[in-house]
Structures are given as structure tokens and as C-alpha cells.
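Scroll down for the structure; my scribbles are underneath it.
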Amino acid sequence: MSLIRKLKMTKMVRNNKLPSCFSRLDTVFPKGKDGLREAPEKCLLCFHKTECLKVALQATDGLRVREELVDRAYASGVMSFLERWSQKKELRRRIAAKTKG
């Protein structure tokens, strides 16, 4: 069962008690001034932070964040060209599948 489906079954979702920013990637995990993503202070204090970030990173925007990580790993020399190509191909396939369905 997917995480989103599990969340939909919980009492807090049925009662619409989630914050309005729940799972909005640009709000809960924005890029900082240095180009790296970090959770804002208000999100670190939130009771829903773990579920929120998990749901946000499973969405299409979350897959794009993973692409950013792959690009950074390649640029720093941690990943080979072939490994980067393979991972980006898989991520793009998953993004295309999410946008179609």
C-alpha cells in the first residue's frame, strides 16, 4: 500500500487536520541561498514533518530533486558518466509514468 493511501486512511486526513503546506515541496523543502535544499525552521517543529517530506519526495517534483542529487554527485566525481546516465534515465521514466497516470 502506498504512503499516500495510508495517509488518506488516517484520522487526521479524514478530518482535514493537515496543514495547508502539507507535501508542497517548494514550501517544505525549498532551495537555500547556496542552492542546497533544506527544511525551514517551522517545518522542523511540525508534528507532520516526516510524513509530509515522504509524500512530497514521492511526487513528480520529488523525482526532480533526486535528479538534482544525481547531477551533484556526478559533478563532484562520486558517480561515473554511465551510472549518472542510467539513474537519470530511470528517473525520467518514472517522471513520465507519473505525469501520464
request  = Could you tell me which trypsin sites (Lys or Arg not before Pro) in segment 23-78 are loop residues by DSSP with no more than 10 other beta carbons within 10 angstrom of their beta carbon?
outcome  = LYS33
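How far, in nm, would the chain grow between ASP71 and TRP85 when pulled straight, counting 0.36 nm per residue and subtracting the alpha carbon separation?
4.1 nm
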request  = Could you line up VAL28, VAL78, VAL70 from fewest to most neighbouring Cβ atoms inside 10 Å?
outcome  = VAL78, VAL70, VAL28
inquiry  = As a footprinting exposure proxy, order GLU68, GLU41 by other Cβ within 10 Å, with the fewest listed first.
reply    = GLU41, GLU68
request  = Amide H neighbours of ARG37 under 5 Å, at least 5 residues apart or on other chains, H built in the peptide plane: list them.
outcome  = GLY32
ask   = What does the charge add up to near GLY35, with Lys and Arg as +1, Asp and Glu as -1, over the other residues with Cβ less than 12 Å from its Cβ?
value = 0
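None of the figures in this text is laboratory data; all of them are computed from the coordinates on show. Just so you know, these numbers come straight off a predicted model, no measurement behind them. Cβ: placed from backbone, ideal geometry, glycine included. Neighbour counts: every protein chain shown.
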